[in-house]
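Working notes, beginning with the structure itself.
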There are 2 protein chains.
Amino acid sequence: MTDTATAPAGVHEDGSPERLAIDTIRTLSMDAVQRANSGHPGTPMALAPVGWTLWTKFLRYDPDTPDWPNRDRFVLSVGHASMLLYSLLHLAGVKELDRTGKPTGRPAVSLEDIEAFRQLGSKTPGHPEYRHTTGVETTTGPLGQGCGNSVGMAIAERWLAARYNKPGFTLFDHDVYSLCGDGDMMEGVASEAASLAGHLKLSNLCWIYDSNHISIEGGTDLAFDEDVGKRFLGYGWNVIHVDDANDVAALTAAFDAFRKTDDRPTLIIVHSVIGWGSPRAGSEKAHGEPLGVENIAKTKEAYGWPAKDFYVPEGVQAAFEQAVAGRGRPLREEWQATLAKYEEVEPALAAELDLILAGKLPEDWDADIPVFEADEKGLASRDAGGKVLNAIAKRVPWLIGGSADLAPSTKTDIKGAASFEANNYGGANFHFGVREHAMGAVVNGMTLSGLRAYGSTFFVFLDYMRPPVRLSALMELGCTWVYTHDSIGVGEDGPTHQPIEHLAMMRATPGIDTIRPADANEVAEAWRAIVSDGQHPTALILSRQALPTLDRSKYASAAGVAKGAYVLADSPDPQVILIATGSEVSLVLGAYEQLKSEGIAARVVSMPSWFRFERQDAAYRESVLPAKITARVAVEMAGGFGWDRYVGAKGRTVTMSGYGASAPAGKLMEAFGFTVGNVAQVAKEALQG
Amino acid sequence: MTDTATAPAGVHEDGSPERLAIDTIRTLSMDAVQRANSGHPGTPMALAPVGWTLWTKFLRYDPDTPDWPNRDRFVLSVGHASMLLYSLLHLAGVKELDRTGKPTGRPAVSLEDIEAFRQLGSKTPGHPEYRHTTGVETTTGPLGQGCGNSVGMAIAERWLAARYNKPGFTLFDHDVYSLCGDGDMMEGVASEAASLAGHLKLSNLCWIYDSNHISIEGGTDLAFDEDVGKRFLGYGWNVIHVDDANDVAALTAAFDAFRKTDDRPTLIIVHSVIGWGSPRAGSEKAHGEPLGVENIAKTKEAYGWPAKDFYVPEGVQAAFEQAVAGRGRPLREEWQATLAKYEEVEPALAAELDLILAGKLPEDWDADIPVFEADEKGLASRDAGGKVLNAIAKRVPWLIGGSADLAPSTKTDIKGAASFEANNYGGANFHFGVREHAMGAVVNGMTLSGLRAYGSTFFVFLDYMRPPVRLSALMELGCTWVYTHDSIGVGEDGPTHQPIEHLAMMRATPGIDTIRPADANEVAEAWRAIVSDGQHPTALILSRQALPTLDRSKYASAAGVAKGAYVLADSPDPQVILIATGSEVSLVLGAYEQLKSEGIAARVVSMPSWFRFERQDAAYRESVLPAKITARVAVEMAGGFGWDRYVGAKGRTVTMSGYGASAPAGKLMEAFGFTVGNVAQVAKEALQG
């Protein structure tokens, strides 16, 4: 450590290297926000000592190998404090990797990147973005999500440890840290995630709660004066208080106490002063806007800092990197040596782990996917979903997940597998509780740690978990959302349980594939597409009610699912196209047969995935929906929003114009016009133009 | 009480009238679920004693006047236990009112209605539906929502009391009870609402938590074993335990204790046995399916109940009704006498209250709505929104609300008004905290109690509050959701903060008006439409960035907002139509001017509300968007999903195909093609077909 030599005079009278590094973080954050003329300086300034203590003294992280599987995870749930993270990545000397994991030879975050904070194309966007900046473990900003992700990461570690650690071979023993603020503590998703983490006794999980008594509208006493510590004791957490965020010794003791706690998660409540050291210290004005040139000058003066912008005193970066790498690199090297031996002793498990870490699948992963015989009575697509999922999970054991207390209905249990519980971290069936929102954030976290995770609930309760579903799409995570009870076919539970607008919501969301299969074989093809892809999330939309298994000798193969839409049944020179998804496909087939008997040539298009269909070339799309056939009818037991795209100006829709009702499903279908007779009638109207 | 005479032998050896009434509720619930062959028998069976105790001994409710403004509210947050509520409404003899509040002469729930449980058009849908069944205070089913609604109702009571009670005139002093289950306790929205209620010290609020240790997947120990009582102490609640749901004396003592607590809300934790008395007692199998004929027979035997279906022993209904009405009717009569005197002493306040209760507005409510001068620089529509809101709220003091900790950004504060806090329940500015989901449920509850409530946050965080937004539409509540920062115009905060799919999500949701005004005068007309309507919720979508205030002497009047879309600028014999909403309207006006200078005749349509436009007659719609003009361009800084409806097969869109990015807004607009030049270019392409 040579950096004391460059310590400016003033408040740095102790010349401590930590204070120098800490104030570097603070001033970089202030300067970057000022340069960008937007951003959040106050929290990085307050929490710089926390970041410094955690990264230089505890985090097991190798800056040269930021994708080392057993690294400790650092989640910045307070995503608006992104400059804290960028400063830490810069000072730690984290190396950039490309999307395939190859080093690019560049730093993850250079000083130039920090100077380009919040500019188009820079490595330093306003909120940290996964995949965009190496070292960012998850995209944060929407509050509470990082908390939920961290629980998922801690779960993944426990599962990986349970499955792959063997006596003498500790491949997984990392910890997960999440830095949270008052906003996180107020968000319900974090409450749900904390309750689940307490239940699961995740002792590898540490949340650091920055209690600064400031929110955007003013003091937290305007809206939030609960006893957070007492609440977390109720959840079964270990709760530690640090009275002053600048007290590095107390922070160190707190992290030590976390590391020694082996039976529950830890919450460290750190009392801090937002914008510490600035004229705006302790005020909401330090939260979300630049401090201003004058305030920055005063702050630097108070710190005993030279009046330079983006100033990193000599030696500070090297000392910081050395502190991190000096601990992390030998651990990573040891880990790789252990893995090499493990490959000899446990070749099967090692091969499996290799696939997980490479994001690959076993060669014969889809060998057991069933083919379903034609069957007029058929089965619910949720039931088919359960069968296919089980057939794949048998060969892809890291395809794991569960439900928000609806597994008996969503059929997502892996049969014969244990539940993932505090006394069995090897279980594959997850009981998320009635916590859809946390489930979403946790599944994202599990996926970020390499698992092929899924979560399930009723489709209408997608509403409870929209934020993590959106983030799964934004982060391009290969997780699967299984949504059953997908229409008014829900029946008696009524309009609160009948999704109407949800298909449109999902289709409107960029980057997520929404597949609504028509029968058991389409379900099989949907799951095949989902698992073989893995580069984006999928929402699999399944029925409560039984659907006929179509006779594929009479109609086209279900393999068309992969293309999003395909001609299922056709007539020579068709005059009208009937388009449907999911449970309505067999309905339009009925109409097709009726029209045929009346001498009307129709075509039936099954369209399980708009996402996939839009990605086909123009020729294929034209072959399925020829422009010259303008008589078209789309049939879907949901709102019609969006269908204009495929039916065009002369087309018709048989869809829902309002909410459903409580009644037996058959009665509802009749009442709302989902009958063969009505669809055939509407087709004839469409033919008349 | 003559009903002891009809008590069957057996377990009714004590012949207590309460046990007779309680078992009537239980058996009605079992029988209705069995007849419907679907539903949830176990919770009504377990909680019948709670319902009986609360309704016959505490609830201040007049069955003849179920809309008495000062009635205690009973919220069934466990909406799946609807048969408990229907049984209570039946036994209490609640009279049906039509939508205008006139008695229909029929009971709210007759025995025949109970026999028609879950049938098409019956009064007894699977989950309780507000407006559908008299006496149902709010639509429940999606868990946690009723909890949040109850906080809103308690807030409304405190606000009404603070404003209208005067010495000697206690017009408002009602309590709000919510019956909650394990699912509610797990949902984050209930956690948020509980934290807020504790902060606000709502001593008129009582949650009864049915702790039955059972969830759908099995015992709650699978996912939920936190100490709920300790958690609520952390929130600042009073916590009371009742060890046995059948212990009417303990329940009575608990409700007494709640009534005496005047400084905080009360949680009564009631330990119950789901499906009490049946062979499935204590099992998840008692939750969500009929018990079966055989089990029902055994249960009735265990109760000492005759083997009759839908059996209400003589006198039980009359005794129950007498217990409720005997307390409620005199209170309601006294209240009306007080109100009559109040009208003399406080005529101004009385007149105001009269408007609130009638759902009406003061005659000159819109007199201060500003007209904004043309101004090229203009102002952000969020700023215009704040000005207009303030102009209306001055004359409609019950137009109140707030923000989820973003008021300085959403501009929804009522200037000069106090904050609604525990020490000032007369405040008009609400600090909901970073709790968007609870804000939604609370605003719904406030609206259910007669206020014109609003809640605000950034548009992208609509995701956090989808469930209550949907319920506001389903319940046809006249509340307002103010969403600002409505596009990539957010700028540097990046894709986590830039809504893309949210306009489509809202437009796809039935029954809610989504208005995205183009300038300050459209904002004024939007608020005028919102406040004068009040029969459905509105989402008002506002910009972060400044928008020019259009010169209305040059372009059409903003009054067209009421029709959803209107021709803003036109040319003789237009060849191409440019359609836009919000911030993009001034952009397409620029393109229109450029095209004009190049001799191309264009029309500009401002389309702030699809909801309103779709409700215009065909002639008007054709006058705005003539079918013969097929060259059309829609411009919106959001995903293009849904625009096919208006641009047609030959039209184009200038919209977002993916997520945004972090950069100054101007740079983003350029990067994503939102420039006058690009829009003009695309218009020319559209003209070429």
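Can you give me the convex hull volume of the Cα atoms of the range B:134-204, divided per residue and expressed in Å³? If you can, show how the numbers build up before the last one.
Values: hull volume 6.6 nm³, N = 71.
Cα-based convex hull of the range B:134-204, divided per residue, equals 94 Å³.
Find the relative contact order for chain B and round it to a whole percent, using C-alpha pairs within less than 8 Å whose residues are 6+ positions apart. Don't jump to the answer; show the numbers that get you there.
Values: 1533 pairs, mean separation 84.2, N = 689.
Contact order relative to length: 12 percent.
Would you mind checking the tilt of helix B:381-393 against the longest principal axis of the Cα atoms of chain B, expressed as 0 to 90 degrees and rounded to 10?
Long axis of B:381-393 versus the principal axis of chain B: about 50 degrees.
Hey, for B:Asp263 with labels 7 Å out along Cα-Cβ, what do the inter-copy distances come to in nm, ordered shortest first?
Copy-to-copy label distances for B:Asp263: 3.5 nm.
Could you work out the mean projected area of the convex hull around the alpha carbons of chain A, in square nanometres to one decimal?
31.4
Each residue of the range B:216-231 in order: what ³J(HN,Hα) in whole Hz does its phi give by Karplus 6.51 cos²θ - 1.76 cosθ + 1.60, θ = phi - 60°, with x for Gly and Pro?
These are the phi-based 3J(HN,Hα) values: 5, 7, x, x, 5, 5, 5, 8, 8, 9, 5, 8, 4, x, 4, 4 Hz.
List, in order, the whole-Hz ³J(HN,Hα) value for each residue of the range A:193-209 obtained from phi through the Karplus relation with A = 6.51, B = -1.76, C = 1.60 and θ = phi - 60°; use x for Gly and Pro.
Along the range A:193-209, the couplings run 5, 5, 5, 5, 5, x, 4, 7, 6, 7, 6, 8, 10, 10, 9, 9, 9 Hz.
Carbon and sulfur atoms: what percent of the 1.4 Å accessible area of the range A:561-687 do they account for? Could you put the intermediate results ahead of the total?
Numbers: 2300 of 4510 Å².
Solvent-exposed carbon and sulfur of the range A:561-687 make up 51 percent of the total.
Could you pull out the trypsin sites (Lys or Arg not before Pro) across the range A:552-593 that fall in loop regions by DSSP (anything but H, G, I, E, B) with no more than 11 other Cβ atoms inside 10 Å?
Numbers: sites: A:Arg552, A:Lys554, A:Lys563; in loops: A:Arg552, A:Lys554.
Those that pass, being in a loop and sparsely packed, are A:Lys554.
Could you please point out the chain A residue with its Cβ nearest to the axis of the rotation taking chain A onto chain B, and the distance in whole angstrom?
Per the A/B rotation axis, the closest residue of A reads A:Gly188, 1.
List every residue whose amide H lies under 5 Å from the amide H of A:Val273, counting only residues 5 or more places away in sequence or on a different chain, with H placed 1.01 Å from N in the peptide plane.
A:Ala245
Convex hull over the Cα atoms of the range B:375-548, averaged projected area in nm²? All intermediate terms of the calculation are to be shown ahead of the outcome.
Numbers: hull surface 37.5 nm².
With every direction weighted equally, the projected area is 9.4 nm².
Report, by chain and number, residues whose modeled amide H sits under 5 Å from the one on A:Ser178, excluding near sequence neighbours (fewer than 5 apart, same chain).
A:Val75, A:Cys206, A:Trp207, A:Ile208
List the relative contact order of the range B:507-580 as a percent without decimals, with contacts defined as Cα pairs under 8 Å and 6+ residues apart.
Working: 59 pairs, mean separation 24.4, N = 74.
Value for the range B:507-580: 33 percent.
In this model, which of A:Lys360/A:Lys563; B:Lys166/B:Lys360; A:Lys230/B:Lys411; A:Lys628/B:Lys628; B:Lys377/B:Lys667; B:Lys102/B:Lys360 are farther than 25 Å apart at the alpha-carbon? Please list the in-between numbers first.
Values: A:Lys360/A:Lys563 22 Å; B:Lys166/B:Lys360 23 Å; A:Lys230/B:Lys411 34 Å; A:Lys628/B:Lys628 19 Å; B:Lys377/B:Lys667 18 Å; B:Lys102/B:Lys360 17 Å.
With Cα atoms farther than 25 Å apart: A:Lys230/B:Lys411.
Equivalent ellipsoid semi-axes for the range B:567-611, as square roots of 5 times the alpha carbon gyration tensor eigenvalues: give them largest first, rounded to whole Å.
19, 11, 6
Using the Karplus curve 6.51 cos²θ - 1.76 cosθ + 1.60 with θ = phi - 60°, what ³J(HN,Hα) values do you get for each residue of the range B:429-445, in whole Hz, with x for Gly and Pro?
Values, residue by residue: 9, 9, 9, 7, x, 7, 9, 4, 5, 5, 3, x, 5, 5, 4, 4, x Hz.
Starting at 0 and stepping by 5 Å, how many percent of the alpha carbon pairs of the range A:344-463 end up in each bin?
Per 5 Å bin, starting at 0, the Cα pair percentages come out as 2, 10, 18, 21, 20, 14, 9, 4, 1, 0, 0.
With solvent modelled as a 1.4 Å probe, how much accessible area in total do chains B and A shield from it at their shared surface, in Å² to the nearest 100? Walk me through the intermediate numbers first.
Numbers: alone 25270 and 25290 Å², together 42820 Å².
Looking at B and A, the buried total is near 7700 Å².
So if each residue of separation counts as 0.36 nm, and I subtract the Cα-Cα distance between A:Ala374 and A:Asn165, what length gain in nm does that give?
Values: separation 209, 0.36 × 209 = 75.24 nm, distance 4.51 nm.
So the chain would gain 70.7 nm between A:Ala374 and A:Asn165.
Could you list, bin by bin from short to long, the percent of Cα-Cα pairs of the range B:416-484 in 10 Å steps?
21, 53, 24, 2
Residues with amide H under 5 Å of B:Val635's amide H, sequence separation 5 or more or different chain, H placed in the peptide plane at 1.01 Å from N; which?
The list, which skips near neighbours in sequence, is B:Ile579, B:Ala580, B:Thr581, B:Val654.
With equal scatterers on the alpha carbons only and no solvent term, can you work out the Debye log10 of I(q)/I(0) for the range B:280-375 at 0.13, 0.18, 0.20 1/Å?
-0.76, -0.99, -1.09
Calculate how steeply helix B:676-687 sits against the longest principal axis of the alpha-carbon atoms of chain B, using the helix alpha-carbon long axis, and give the answer as 0 to 90 degrees to the nearest 10.
90
With all pairs of different alpha carbon atoms counted, what Kirkwood hydrodynamic radius in Å does the range A:3-332 show?
Numbers: mean 1/r = 0.0506 Å⁻¹.
Computed over Cα pairs of the range A:3-332, the Kirkwood hydrodynamic radius comes out at 19.8 Å.
Give, in nm to one decimal, the length gained when the segment between A:Arg615 and A:Asp227 is fully stretched (0.36 nm per residue of separation minus the Cα-Cα distance).
Working: separation 388, 0.36 × 388 = 139.68 nm, distance 5.14 nm.
Roughly 134.5 nm would be gained on extension.
Just add up the charged neighbours of A:Thr261: K/R +1, D/E -1, any other residue whose Cβ is under 15 Å from the Cβ of A:Thr261.
For residues surrounding A:Thr261, the net value is 0.
Considering Cα pairs under 8 angstrom that are at least six residues apart, work out the relative contact order of the range A:375-548 and quote it in whole percent.
29
First compute the accessible area of the range A:411-516 with a 1.4 Å probe, then give the percent of it belonging to carbon and sulfur atoms. Don't skip to the end; give the middle numbers.
Values: 720 of 1550 Å².
About 46 percent, which is the carbon plus sulfur part of the accessible surface.
Please give the residues from the range B:230-267 for which the solvent-accessible area of heavy atoms, probe 1.4 Å, is smaller by at least 10 Å² with all protein chains in place than with the chain isolated.
Residues of the range B:230-267 that lose at least 10 Å² of accessible area once the other chains are added: B:Lys230, B:Arg231, B:Leu233, B:Gly234, B:Tyr235.
Note every residue of the range B:419-456 with a reduction of at least 30 square angstrom in accessible area, all protein chains present versus the isolated chain, computed with a 1.4 Å probe, or write none.
Buried on complex formation: B:His431, B:Val434, B:Arg435.
Provide a whole-number value for the mean count of partner chain Cβ atoms within 10 Å of the Cβ atoms in peptide A:464-472.
Numbers: counts 10, 2, 10, 9, 1, 1, 9, 3, 0.
Partner Cβ neighbours, averaged per residue: 5.
Say a label goes 7 Å from Cα toward Cβ at A:Gly105 in every copy; what distances in nm does this one have to the rest, shortest first?
Spelled out, the distances from A:Gly105's label point are 9.1 nm.
Taking the solvent-accessible surface of protein heavy atoms with a 1.4 Å probe, what is the per residue accessible area of the protein assembly as shown in Å²?
On the way: 42820 Å² over 1378 residues.
Normalised by residue count, the accessible surface of the protein assembly as shown is 31 Å².
Across 10 Å bins from 0, what is the distribution of all Cα-Cα pair distances for the protein assembly as shown, in whole percents?
Values per bin, smallest distances first: 2, 9, 17, 21, 22, 17, 9, 3, 1, 0.
Could you work out the per residue convex hull volume over the alpha carbons of the range A:591-689, in cubic angstrom? Please report the intermediate quantities before stating the final value.
Values: hull volume 11.2 nm³, N = 99.
Considering the Cα atoms of the range A:591-689, their hull volume per residue is 113 Å³.
If we hang a label 7 Å off Cα along the beta carbon direction at A:Ala249, how far is it from the matching labels on the other copies, in nm, shortest first?
5.9
When the Kirkwood hydrodynamic radius is evaluated over all pairs of different C-alpha atoms of the range A:46-119, what value in angstrom, to one decimal, is obtained? If you can, show how the numbers build up before the last one.
Working: mean 1/r = 0.0765 Å⁻¹.
Computed over the range A:46-119, the radius equals 13.1 Å.
The values are calculated or read from the model by the stated rules, or taken from the named source; none is laboratory data. Note that this is a predicted model, so its numbers are computed, not measured. Virtual Cβ from ideal backbone geometry, glycine too; neighbours counted across all protein chains shown. To get the accessible areas, we keep the full protein, side chains included, count just its heavy atoms, and leave off ligands, DNA and RNA. Shrake-Rupley method; radii C 1.70, N 1.55, O 1.52, S 1.80 Å.
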